[in-house]
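Derivation of every value follows stated rules applied to the coordinates shown; laboratory data play no part. No experiment lies behind these values; they were computed from the predicted model shown. With ideal geometry, Cβ positions are generated from the backbone for all residues, glycine too; neighbour counts draw on all protein chains shown.
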Amino acid sequence: MSEDRARWVPLEKSKLLGVVFDLLPDLKGGLFAGLRLGGVAEIRADGTITGRAGVHLAFVDQLARDGDGQVWAAGSGMRGRLRRRWGRI
């Protein structure tokens with residue numbers, strides 16, 4: 001969003017993600033993005049793309065958080081929980 005909050009502004013390097021099917025806020029002000037080209041991207045509040053996981057999925061069109069705070073992704077007939085390793089997905 002622009003500083004005056006009047007229009008959407010593309011994130012730097014966002015074209016690398018391709019088409020985004022679903023968004024889920026994380027607990028630190030960022031987003032998880034379910035991607036058409038496969039997997040989930042983690043995007044910080046400042047717009048930095050910090051991680052990508054699950055690229056074996058053909059696409060991810062649904063993201064959800066369960067009661068324990070775990071993030072789940074589903075798409076192309078598959079589903080799975082995102083796991084963190086060394087602070088990244």
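Averaging the sequence gap over all C-alpha pairs within less than 8 Å and six or more residues apart, then dividing by the number of residues, gives the chain a relative contact order of 19 percent. Ordering of 34-43, 63-72 by packing is 34-43, 63-72, highest average first (other Cβ atoms within 10 Å, averaged per residue).
Computed about the Cα centre, the dipole magnitude for the chain is approximately 320 debye when only Lys and Arg (+1) and Asp and Glu (-1) carry charge, each at its Cβ. Here the residues V20, V60, ranked from fewest to most Cβ neighbours within 10 Å of their Cβ, fall in the order V20, V60. Set against the 2.2 N^0.38 Å expectation for a compact globular protein, the chain has a Cα radius of gyration ratio of 1.07.
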